[in-house]
1. Please go through the range 155-180 and give me each residue that is aliphatic (A, V, I, L, M), in a loop (DSSP other than H, G, I, E, B) and over 11 Å from Lys367 (Cβ atoms), ordered by number.
2. Here are some residues: Thr233, Thr239. Which one is of a type in the set (Val, Ile, Thr), in a loop (DSSP other than H, G, I, E, B) and either buried (at least 17 other Cβ atoms within 10 Å of the Cβ) or over 21 Å from the mean Cα position of the chain (by Cα) (or both)?
3. Filter the range 139-154 down to residues that are of a type in the set (D, E, K, R) and not in a helix (DSSP H, G or I) and give me whichever is farthest from Cys174 (Cα to Cα).
4. Can you find, within the range 5-32, the residue that is modelled with the highest pLDDT among those that are part of a loop (DSSP other than H, G, I, E, B) and surrounded by fewer than 16 Cβ atoms within 10 Å (Cβ to Cβ)?
5. Looking only at the range 212-230, count every residue that is under 30 Å from Phe290 (Cα atoms) and out of contact with any strand residue (DSSP E or B) (no Cβ under 6 Å at 6 or more places or on another chain) and tell me the total.
6. From the set of residues in the range 93-130 that are acidic (Asp, Glu) and within 22 Å of Cys174 (Cβ to Cβ), which is farthest from the chain's Cα centre (by Cα)?
7. Can you tell me which condition Gly312 does not meet? The list is (1) in contact (Cβ under 8 Å) with a residue 12 or more places away in the chain; (2) within 23 Å of the chain's Cα centre (by Cα), and all the others hold.
8. So which residues in the range 333-352 are surrounded by fewer than 16 Cβ atoms within 10 Å (Cβ to Cβ), in a loop (DSSP other than H, G, I, E, B) and of a type in the set (S, T, N, Q), if there are any at all?
Amino acid sequence: MENAKKTALFTSHEKYGGKVIDFAGWALPVQYKGIIPEHEAVRNAAGLFDVSHMGEVEVIGKDAFAFVQNLVTNDISVLEDNQVMYALMCYEDGGVVDDLLVYKFTKDYFYLVINASNVDKDFNWMVSNKGDFNITLENISLKVSEVALQGPKAQEILQKLTDTKLDEVKFFCCKRDVLIAGVKCLISRTGYTGEDGFEIYSDNDNIASVWDRILEAGKEERIMPCGLGCRDTLRFEATLPLYGNEISKDITPLEAGLGYFVKLKKENFIGKDALVKQKEEGLVRKLVGFEMKDKGIPRHGYEVAVNGQVIGFVTTGYFSPTLKKNIGLALINAEYTELGSNINIIVRNKPLKAEVINKKFYNKNYKK
(Lines give C-alpha, C1' and ligand atoms only; values in the text may rest on other atoms or scores of the structure.)
Protein backbone atom coordinates (compact mmCIF):
# COMPACT_ATOMS: atom_id res chain seq x y z
CA MET A 1 0.00 0.00 0.00
CA GLU A 2 2.91 2.37 0.72
CA ASN A 3 3.81 2.25 -2.99
CA ALA A 4 0.27 3.03 -4.17
CA LYS A 5 -0.38 6.42 -5.75
CA LYS A 6 -2.53 8.75 -3.68
CA THR A 7 -5.17 11.11 -5.02
CA ALA A 8 -5.43 14.66 -3.72
CA LEU A 9 -8.34 13.40 -1.59
CA PHE A 10 -6.37 10.74 0.29
CA THR A 11 -6.45 12.62 3.61
CA SER A 12 -10.17 13.30 3.07
CA HIS A 13 -10.81 9.56 2.86
CA GLU A 14 -9.03 9.08 6.17
CA LYS A 15 -10.98 11.98 7.66
CA TYR A 16 -14.34 10.49 6.64
CA GLY A 17 -13.45 6.95 7.70
CA GLY A 18 -12.83 5.36 4.33
CA LYS A 19 -11.42 1.82 4.22
CA VAL A 20 -8.55 2.30 1.76
CA ILE A 21 -7.29 -0.46 -0.54
CA ASP A 22 -4.86 -0.70 -3.46
CA PHE A 23 -6.89 -0.40 -6.68
CA ALA A 24 -4.99 -0.41 -9.98
CA GLY A 25 -2.00 1.04 -8.15
CA TRP A 26 -4.04 3.74 -6.40
CA ALA A 27 -4.90 4.03 -2.70
CA LEU A 28 -8.69 4.43 -2.79
CA PRO A 29 -11.59 3.72 -0.42
CA VAL A 30 -13.53 0.52 -1.06
CA GLN A 31 -16.21 1.71 1.38
CA TYR A 32 -17.00 4.08 4.24
CA LYS A 33 -20.14 2.95 6.10
CA GLY A 34 -20.61 -0.13 3.95
CA ILE A 35 -21.28 -1.13 0.36
CA ILE A 36 -25.04 -1.65 0.73
CA PRO A 37 -25.88 1.63 2.56
CA GLU A 38 -23.70 3.55 0.09
CA HIS A 39 -25.35 1.78 -2.86
CA GLU A 40 -28.80 2.63 -1.48
CA ALA A 41 -27.79 6.26 -0.85
CA VAL A 42 -26.97 6.67 -4.56
CA ARG A 43 -30.21 4.99 -5.65
CA ASN A 44 -32.38 7.05 -3.27
CA ALA A 45 -30.53 10.30 -2.49
CA ALA A 46 -26.90 10.99 -3.44
CA GLY A 47 -23.38 9.66 -3.14
CA LEU A 48 -20.00 11.29 -3.75
CA PHE A 49 -17.10 9.33 -5.26
CA ASP A 50 -13.41 10.11 -5.66
CA VAL A 51 -12.60 9.12 -9.24
CA SER A 52 -9.40 11.12 -9.52
CA HIS A 53 -7.57 7.97 -10.60
CA MET A 54 -9.28 8.18 -14.00
CA GLY A 55 -7.11 9.41 -16.86
CA GLU A 56 -7.53 12.53 -18.99
CA VAL A 57 -5.93 13.24 -22.36
CA GLU A 58 -6.19 16.46 -24.37
CA VAL A 59 -6.25 16.30 -28.16
CA ILE A 60 -5.64 19.74 -29.64
CA GLY A 61 -5.01 20.89 -33.21
CA LYS A 62 -6.59 21.32 -36.63
CA ASP A 63 -6.81 17.53 -37.13
CA ALA A 64 -8.22 16.81 -33.65
CA PHE A 65 -11.61 15.78 -35.02
CA ALA A 66 -10.14 13.51 -37.72
CA PHE A 67 -7.76 11.86 -35.25
CA VAL A 68 -10.46 11.07 -32.66
CA GLN A 69 -12.91 9.94 -35.37
CA ASN A 70 -10.33 7.41 -36.57
CA LEU A 71 -9.47 6.37 -33.01
CA VAL A 72 -12.93 5.47 -31.68
CA THR A 73 -15.83 3.25 -32.74
CA ASN A 74 -18.61 5.79 -32.29
CA ASP A 75 -19.38 8.62 -34.74
CA ILE A 76 -18.25 11.89 -33.19
CA SER A 77 -19.44 13.88 -36.23
CA VAL A 78 -22.84 14.16 -34.52
CA LEU A 79 -21.35 15.95 -31.49
CA GLU A 80 -21.93 19.64 -30.99
CA ASP A 81 -19.53 21.72 -28.91
CA ASN A 82 -19.71 20.82 -25.20
CA GLN A 83 -21.37 17.47 -25.79
CA VAL A 84 -20.01 14.16 -24.49
CA MET A 85 -20.08 10.71 -26.10
CA TYR A 86 -19.37 7.16 -24.92
CA ALA A 87 -17.09 5.24 -27.27
CA LEU A 88 -14.50 2.48 -27.47
CA MET A 89 -10.99 2.23 -28.83
CA CYS A 90 -10.27 -1.06 -30.57
CA TYR A 91 -7.26 -2.96 -31.77
CA GLU A 92 -7.09 -3.97 -35.43
CA ASP A 93 -8.53 -7.39 -34.52
CA GLY A 94 -11.61 -5.82 -32.87
CA GLY A 95 -10.52 -6.41 -29.28
CA VAL A 96 -10.96 -3.44 -26.95
CA VAL A 97 -8.10 -1.15 -25.96
CA ASP A 98 -10.44 0.72 -23.60
CA ASP A 99 -13.81 2.37 -23.33
CA LEU A 100 -13.86 6.12 -22.78
CA LEU A 101 -15.78 9.36 -22.73
CA VAL A 102 -15.13 11.82 -25.56
CA TYR A 103 -15.70 15.48 -24.64
CA LYS A 104 -15.90 17.84 -27.60
CA PHE A 105 -15.01 21.39 -26.57
CA THR A 106 -14.50 22.56 -30.18
CA LYS A 107 -13.62 20.82 -33.46
CA ASP A 108 -9.97 21.48 -32.62
CA TYR A 109 -10.11 20.51 -28.94
CA PHE A 110 -11.20 17.15 -27.53
CA TYR A 111 -10.87 15.83 -23.99
CA LEU A 112 -10.74 12.05 -23.54
CA VAL A 113 -11.47 10.39 -20.18
CA ILE A 114 -10.00 6.89 -19.88
CA ASN A 115 -9.80 4.12 -17.27
CA ALA A 116 -7.26 4.31 -14.46
CA SER A 117 -5.72 0.88 -15.03
CA ASN A 118 -5.21 1.67 -18.72
CA VAL A 119 -3.85 5.24 -18.70
CA ASP A 120 -0.29 4.50 -19.85
CA LYS A 121 -1.37 1.79 -22.31
CA ASP A 122 -4.11 4.04 -23.76
CA PHE A 123 -1.88 7.06 -24.13
CA ASN A 124 0.83 4.99 -25.82
CA TRP A 125 -1.85 3.61 -28.18
CA MET A 126 -2.95 7.13 -29.09
CA VAL A 127 0.63 8.25 -29.67
CA SER A 128 1.36 5.19 -31.82
CA ASN A 129 -1.68 6.03 -33.99
CA LYS A 130 -0.98 9.75 -34.27
CA GLY A 131 0.47 9.28 -37.75
CA ASP A 132 0.40 12.47 -39.81
CA PHE A 133 -2.50 14.04 -37.93
CA ASN A 134 -1.68 17.63 -37.06
CA ILE A 135 -2.39 17.47 -33.33
CA THR A 136 -0.77 17.63 -29.92
CA LEU A 137 -1.56 14.91 -27.41
CA GLU A 138 -1.08 15.58 -23.72
CA ASN A 139 -1.68 13.17 -20.86
CA ILE A 140 -2.85 15.52 -18.08
CA SER A 141 -4.07 12.74 -15.75
CA LEU A 142 -1.81 13.64 -12.84
CA LYS A 143 -2.82 17.32 -13.00
CA VAL A 144 -6.56 16.68 -12.81
CA SER A 145 -8.76 15.48 -9.95
CA GLU A 146 -12.32 14.26 -10.43
CA VAL A 147 -15.29 13.59 -8.18
CA ALA A 148 -18.64 12.10 -9.17
CA LEU A 149 -21.85 13.26 -7.48
CA GLN A 150 -24.53 10.69 -8.31
CA GLY A 151 -28.15 10.15 -7.37
CA PRO A 152 -31.64 11.68 -7.67
CA LYS A 153 -30.68 14.52 -5.28
CA ALA A 154 -27.40 15.33 -7.09
CA GLN A 155 -28.61 18.45 -8.91
CA GLU A 156 -30.41 19.80 -5.85
CA ILE A 157 -27.23 19.49 -3.77
CA LEU A 158 -24.80 20.86 -6.35
CA GLN A 159 -27.08 23.79 -7.19
CA LYS A 160 -26.50 25.14 -3.66
CA LEU A 161 -22.83 25.66 -4.53
CA THR A 162 -23.04 27.32 -7.96
CA ASP A 163 -24.80 30.11 -9.85
CA THR A 164 -24.69 28.03 -13.05
CA LYS A 165 -28.19 26.81 -13.90
CA LEU A 166 -27.61 23.08 -13.72
CA ASP A 167 -30.99 22.30 -15.21
CA GLU A 168 -29.60 23.69 -18.48
CA VAL A 169 -26.74 21.15 -18.48
CA LYS A 170 -28.41 18.28 -20.33
CA PHE A 171 -27.56 14.58 -20.23
CA PHE A 172 -24.13 13.88 -21.76
CA CYS A 173 -23.32 17.58 -22.03
CA CYS A 174 -20.58 19.50 -20.28
CA LYS A 175 -19.79 23.03 -19.20
CA ARG A 176 -16.37 24.53 -18.58
CA ASP A 177 -15.29 27.17 -16.07
CA VAL A 178 -18.16 26.51 -13.68
CA LEU A 179 -17.61 27.85 -10.18
CA ILE A 180 -18.41 25.19 -7.57
CA ALA A 181 -18.03 26.67 -4.08
CA GLY A 182 -15.77 29.29 -5.67
CA VAL A 183 -13.53 26.72 -7.42
CA LYS A 184 -13.29 26.68 -11.22
CA CYS A 185 -14.41 23.27 -12.53
CA LEU A 186 -15.38 21.35 -15.65
CA ILE A 187 -18.70 19.60 -15.07
CA SER A 188 -20.59 17.05 -17.14
CA ARG A 189 -23.96 15.38 -16.67
CA THR A 190 -22.49 11.89 -16.83
CA GLY A 191 -21.72 9.04 -14.46
CA TYR A 192 -21.33 5.34 -13.91
CA THR A 193 -24.24 4.40 -11.67
CA GLY A 194 -27.44 4.45 -13.75
CA GLU A 195 -28.58 7.57 -11.86
CA ASP A 196 -28.65 11.26 -12.67
CA GLY A 197 -25.56 13.14 -11.56
CA PHE A 198 -22.44 15.07 -12.42
CA GLU A 199 -18.77 14.38 -12.88
CA ILE A 200 -16.71 17.32 -11.68
CA TYR A 201 -13.10 17.96 -12.69
CA SER A 202 -10.75 20.45 -11.09
CA ASP A 203 -7.09 20.92 -10.17
CA ASN A 204 -5.51 18.88 -7.41
CA ASP A 205 -5.06 21.82 -5.04
CA ASN A 206 -8.76 22.67 -4.81
CA ILE A 207 -10.56 19.32 -5.06
CA ALA A 208 -10.57 18.67 -1.29
CA SER A 209 -12.45 21.94 -0.77
CA VAL A 210 -15.01 20.92 -3.42
CA TRP A 211 -15.38 17.47 -1.79
CA ASP A 212 -15.97 18.94 1.68
CA ARG A 213 -18.43 21.57 0.47
CA ILE A 214 -20.52 19.04 -1.49
CA LEU A 215 -20.77 16.71 1.52
CA GLU A 216 -21.68 19.67 3.73
CA ALA A 217 -24.30 20.94 1.24
CA GLY A 218 -25.87 17.48 0.98
CA LYS A 219 -26.35 16.73 4.68
CA GLU A 220 -30.07 17.44 4.59
CA GLU A 221 -30.46 15.12 1.59
CA ARG A 222 -28.46 12.39 3.39
CA ILE A 223 -25.55 12.33 0.99
CA MET A 224 -22.84 9.76 1.64
CA PRO A 225 -19.20 9.54 0.62
CA CYS A 226 -18.97 6.32 -1.42
CA GLY A 227 -16.25 3.83 -2.23
CA LEU A 228 -15.26 1.54 -5.09
CA GLY A 229 -17.40 -1.30 -3.75
CA CYS A 230 -20.75 0.28 -4.46
CA ARG A 231 -19.42 1.95 -7.60
CA ASP A 232 -19.11 -1.57 -9.00
CA THR A 233 -22.49 -2.85 -7.78
CA LEU A 234 -24.22 0.28 -9.11
CA ARG A 235 -22.65 0.13 -12.58
CA PHE A 236 -23.30 -3.61 -12.74
CA GLU A 237 -27.03 -3.26 -11.95
CA ALA A 238 -27.23 -0.64 -14.69
CA THR A 239 -25.41 -3.04 -17.09
CA LEU A 240 -22.54 -0.62 -17.62
CA PRO A 241 -19.39 -2.48 -18.75
CA LEU A 242 -16.13 -2.65 -16.83
CA TYR A 243 -12.85 -3.02 -18.70
CA GLY A 244 -11.29 -6.38 -17.86
CA ASN A 245 -14.72 -7.89 -17.19
CA GLU A 246 -17.29 -7.29 -19.95
CA ILE A 247 -14.77 -5.86 -22.42
CA SER A 248 -11.07 -6.52 -22.93
CA LYS A 249 -8.46 -7.12 -25.61
CA ASP A 250 -10.06 -10.56 -26.00
CA ILE A 251 -13.72 -9.43 -26.00
CA THR A 252 -15.07 -7.24 -28.79
CA PRO A 253 -17.74 -4.55 -28.32
CA LEU A 254 -20.17 -6.62 -30.43
CA GLU A 255 -19.76 -9.66 -28.18
CA ALA A 256 -20.32 -7.39 -25.17
CA GLY A 257 -23.63 -6.13 -26.59
CA LEU A 258 -22.25 -2.64 -27.24
CA GLY A 259 -23.01 -2.55 -30.96
CA TYR A 260 -24.96 0.70 -30.54
CA PHE A 261 -21.64 2.45 -29.89
CA VAL A 262 -19.94 0.87 -32.93
CA LYS A 263 -20.82 2.73 -36.12
CA LEU A 264 -19.85 0.28 -38.84
CA LYS A 265 -21.11 2.64 -41.57
CA LYS A 266 -18.59 5.26 -40.50
CA GLU A 267 -15.89 5.78 -43.14
CA ASN A 268 -13.13 4.27 -41.03
CA PHE A 269 -11.84 3.59 -37.54
CA ILE A 270 -9.21 1.27 -36.11
CA GLY A 271 -10.66 -2.24 -35.91
CA LYS A 272 -13.56 -1.58 -38.29
CA ASP A 273 -12.72 -4.34 -40.79
CA ALA A 274 -12.53 -7.00 -38.07
CA LEU A 275 -15.83 -5.91 -36.53
CA VAL A 276 -17.60 -5.79 -39.90
CA LYS A 277 -16.40 -9.33 -40.55
CA GLN A 278 -17.50 -10.51 -37.11
CA LYS A 279 -20.98 -9.08 -37.61
CA GLU A 280 -21.32 -10.58 -41.10
CA GLU A 281 -20.21 -14.03 -39.95
CA GLY A 282 -22.38 -13.93 -36.80
CA LEU A 283 -21.34 -13.82 -33.17
CA VAL A 284 -19.99 -17.06 -31.74
CA ARG A 285 -20.50 -15.84 -28.16
CA LYS A 286 -22.59 -13.16 -26.49
CA LEU A 287 -22.97 -11.40 -23.17
CA VAL A 288 -26.09 -12.42 -21.24
CA GLY A 289 -27.70 -11.70 -17.91
CA PHE A 290 -28.54 -14.53 -15.55
CA GLU A 291 -30.24 -15.09 -12.21
CA MET A 292 -29.14 -17.75 -9.74
CA LYS A 293 -31.80 -20.34 -8.94
CA ASP A 294 -29.65 -22.23 -6.43
CA LYS A 295 -28.12 -20.46 -3.45
CA GLY A 296 -24.73 -19.01 -4.30
CA ILE A 297 -23.13 -15.77 -5.43
CA PRO A 298 -21.53 -15.81 -8.89
CA ARG A 299 -18.12 -14.17 -9.15
CA HIS A 300 -15.98 -12.85 -11.99
CA GLY A 301 -14.20 -15.71 -13.75
CA TYR A 302 -16.46 -18.55 -12.61
CA GLU A 303 -17.12 -21.07 -15.38
CA VAL A 304 -20.55 -21.45 -16.98
CA ALA A 305 -21.56 -24.94 -18.09
CA VAL A 306 -24.41 -26.91 -19.67
CA ASN A 307 -24.55 -30.70 -19.23
CA GLY A 308 -21.01 -30.65 -17.87
CA GLN A 309 -19.62 -28.78 -20.90
CA VAL A 310 -18.04 -25.36 -20.25
CA ILE A 311 -19.72 -22.77 -22.48
CA GLY A 312 -18.29 -19.54 -21.10
CA PHE A 313 -17.53 -17.57 -17.95
CA VAL A 314 -19.00 -15.02 -15.56
CA THR A 315 -17.82 -11.48 -16.28
CA THR A 316 -19.45 -9.90 -13.19
CA GLY A 317 -21.69 -11.32 -10.47
CA TYR A 318 -23.12 -10.00 -7.21
CA PHE A 319 -25.97 -10.03 -4.77
CA SER A 320 -27.94 -7.08 -6.16
CA PRO A 321 -28.75 -4.64 -3.32
CA THR A 322 -31.64 -3.18 -5.36
CA LEU A 323 -33.20 -6.39 -6.70
CA LYS A 324 -32.32 -8.52 -3.64
CA LYS A 325 -31.22 -11.36 -5.93
CA ASN A 326 -27.99 -13.09 -6.91
CA ILE A 327 -27.46 -12.10 -10.53
CA GLY A 328 -24.64 -11.88 -13.03
CA LEU A 329 -23.38 -11.23 -16.51
CA ALA A 330 -21.68 -13.98 -18.49
CA LEU A 331 -20.03 -14.33 -21.90
CA ILE A 332 -21.26 -17.64 -23.29
CA ASN A 333 -21.61 -19.58 -26.54
CA ALA A 334 -24.32 -17.99 -28.68
CA GLU A 335 -26.51 -21.11 -28.93
CA TYR A 336 -27.25 -20.95 -25.18
CA THR A 337 -28.23 -17.28 -24.98
CA GLU A 338 -32.00 -17.51 -25.46
CA LEU A 339 -33.96 -15.98 -22.57
CA GLY A 340 -35.14 -18.67 -20.16
CA SER A 341 -32.27 -21.06 -20.98
CA ASN A 342 -31.00 -23.12 -18.05
CA ILE A 343 -27.29 -22.91 -17.33
CA ASN A 344 -24.97 -23.87 -14.48
CA ILE A 345 -22.53 -21.60 -12.69
CA ILE A 346 -19.59 -23.55 -11.29
CA VAL A 347 -19.15 -22.34 -7.69
CA ARG A 348 -16.37 -24.09 -5.74
CA ASN A 349 -16.43 -26.99 -8.21
CA LYS A 350 -20.19 -27.41 -7.79
CA PRO A 351 -22.66 -26.71 -10.64
CA LEU A 352 -25.41 -24.38 -9.37
CA LYS A 353 -28.59 -23.75 -11.36
CA ALA A 354 -29.15 -20.40 -13.05
CA GLU A 355 -31.42 -18.99 -15.75
CA VAL A 356 -30.62 -16.64 -18.63
CA ILE A 357 -32.58 -13.38 -18.17
CA ASN A 358 -32.69 -9.93 -19.74
CA LYS A 359 -29.44 -8.21 -18.84
CA LYS A 360 -31.19 -4.88 -18.30
CA PHE A 361 -31.40 -5.50 -14.58
CA TYR A 362 -32.20 -1.91 -13.59
CA ASN A 363 -33.99 0.93 -15.38
CA LYS A 364 -31.58 3.84 -15.58
CA ASN A 365 -32.83 7.14 -14.14
CA TYR A 366 -31.00 9.64 -16.32
CA LYS A 367 -32.25 13.20 -16.76
CA LYS A 368 -32.74 13.68 -20.50
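1. Result: Leu161, single match.
2. Thr239
3. Lys153
4. Gly17
5. Selection size over the range 212-230: 1.
6. It comes out as Asp108.
7. (2)
8. The one that is surrounded by fewer than 16 Cβ atoms within 10 Å (Cβ to Cβ), in a loop (DSSP other than H, G, I, E, B) and of a type in the set (S, T, N, Q): Asn349.
The values are calculated or read from the model by the stated rules, or taken from the named source; none is laboratory data. Just so it is clear, the model here is predicted, and its values are computed rather than measured. In this analysis, Cβ positions are derived from the backbone assuming ideal geometry, glycine residues included, and neighbour counts consider all displayed protein chains.
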